[in-house]
Amino acid sequence: MRVDLNEAIRLLAGGGVVAFPTETVYGLGARAADVAAVAEVFRLKARPTFDPLIVHVADADCAWSLAAEVPDAARRLAATFWPGPLTLVLPKRSTVPDLVTAGLDGVGLRVPVHPLARALVEAVGPLAAPSANPFGGVSPTAAEHVEASLGDAVAVLDGGPCEVGVESTVLAVDGDVVTWLRPGGVPLEAIEAVVGPVSEAVDSGVPRAPGRLLRHYAPRTPLWLDVPVPVEGRFGWMGLGTPPPGPWVTCESLGENDVRAAQRLFACLRSLDGRSLDGIIAHRLPPSGLGRAVNDRLERASWR
Ligand code: TXA
Ligand code: MG
């Protein structure tokens with residue numbers, strides 16, 4: 001069900017859940033302080049409670065008020081990239097409910113730039129919001145995507161298609177040490193220009209961030225990466241530029257560059273997934289800029 005901004009504010013303030021646009025993907029939000037409402041977000045997504053939610057706030061001061069400690073590197077990153085597609089994981093204050101952080105000591109904080117997302121957090125305060133898709137599925141970059149996967153009972157604030165198209169970059173900041181947990185809408189090159197070299201979190205057994213699951217963002221149709229053209233079967237193609245000759249049933253070009261590819265990625269995956277194909281053959285991007293985030297999503301979507 002579509003709602004307007006006033007109705008979305010009223011619902012959230014009253015303990016409800018609303019899907020709303022951000023510059024990255026649509027989020028499924030609830031007031032972070034309202035444990036019952038946050039529990040409803042987990043239920044609607046069928047999300048395991050070991051996977052923490054990002055808290056969206058109006059500005060850096062509000063973010064710092066939820067953190068037990070704010071390293072200088074976090075301040076510099078925030079000054080450069082907020083509002084925008086960057087999430088910083090910082091030690092949390094006890095006022096942040098444990099359900100939001102899945103019992104972890106850190107809380108993921110982000111100041112979105114999308115005007116509707118900003119209007120919501122300014123009106124109702126911090127919003128805990130994962131992407132508005134069933135757990136493990138393809139993220140929504142349009143209101144119709146939310147309705148198609150979560151059903152019409154969920155309230156959706158329509159803000160048109162998302163401009164960035166892939167989720168926020170997630171960084172853990174621990175004193176001077178910055179590690180990346182998820183490549184996303186802010187390229188790592190831009191992060192490193194501010195805080196110097198950052199390394200990827202190393203998972204030993206249990207993923208360092210629960211969302212670093214190997215299979216994620218997955219369509220129902222099997223996805224293969226960078227494999228040769230199939231000889232027979234109903235296959236779709238997805239990649240930069242134009243498809244190589246082949247017996248494709250349908251092709252989705254991601255456009256000509258990494259920025260456009262990020263914007264189009266999830267909509268293209270969804271569209272191919274709706275065509276009853278035997279498989280989708282996709283091609284990775286050069287691993288720089290937003291290419292890294294696109295490749296990360298493709299790799300998790302194709303993991304078997
Ligand atoms: O762009 C985005 O980040 C979107 C929009 C709605 O803001 N949100 C989003 O949320 O992608 P979600 O829940 O689909 O992905 C959040 C990722 C997960 O991998 C989660 O495990 C990680 O961030 N995360 C959140 N809080 C964390 C924490 N306290 N510690 C470690 N990882 C955390
Ligand atoms: Mg997600």
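Brief remarks follow.
- Considering only the stretch 1-118, percent of DSSP beta bridges that pair antiparallel, nearest 5: 75 percent
- Of the residues VAL170, VAL146, VAL231, the one that moves most in a GNM of the chain with alpha-carbon contacts below 10 Å is VAL231.
- Note on surface exposure: MET1, MET238 rank MET1, MET238 by accessible area, highest first, 1.4 Å probe.
- Sum of side-chain charges, LEU277 neighbourhood, beta-carbon under 12 Å (Lys, Arg +1; Asp, Glu -1): 0
- Qualifying chymotrypsin sites (Phe, Trp or Tyr not before Pro) in the stretch 186-281, DSSP loop, other Cβ atoms within 10 Å at most 14: none
- Kirkwood Rh in Å, taken over the chain so that all alpha-carbon pairs contribute: 19.5 Å
- Computed lengthening from THR80 to ARG220, 0.36 nm per intervening residue step minus Cα-Cα distance: 46.6 nm
- Each helix, a run of at least 4 DSSP H residues, gives -39500 (n - 2.57); summed and divided by the residues of the chain, these come to -8500 deg cm²/dmol at 222 nm.
- Solvent-accessible area of ARG75 with every protein chain in place, 1.4 Å probe, in Å² to the nearest 10: 110 Å²
The values are calculated or read from the model by the stated rules, or taken from the named source; none is laboratory data. Quick caveat: nothing in here was measured; it's all calculated off a predicted structure. Virtual Cβ from ideal backbone geometry, glycine too; neighbours counted across all protein chains shown. The area values use the complete protein model at the heavy-atom level, side chains included, leaving out ligands, DNA and RNA. Shrake-Rupley method; radii C 1.70, N 1.55, O 1.52, S 1.80 Å.
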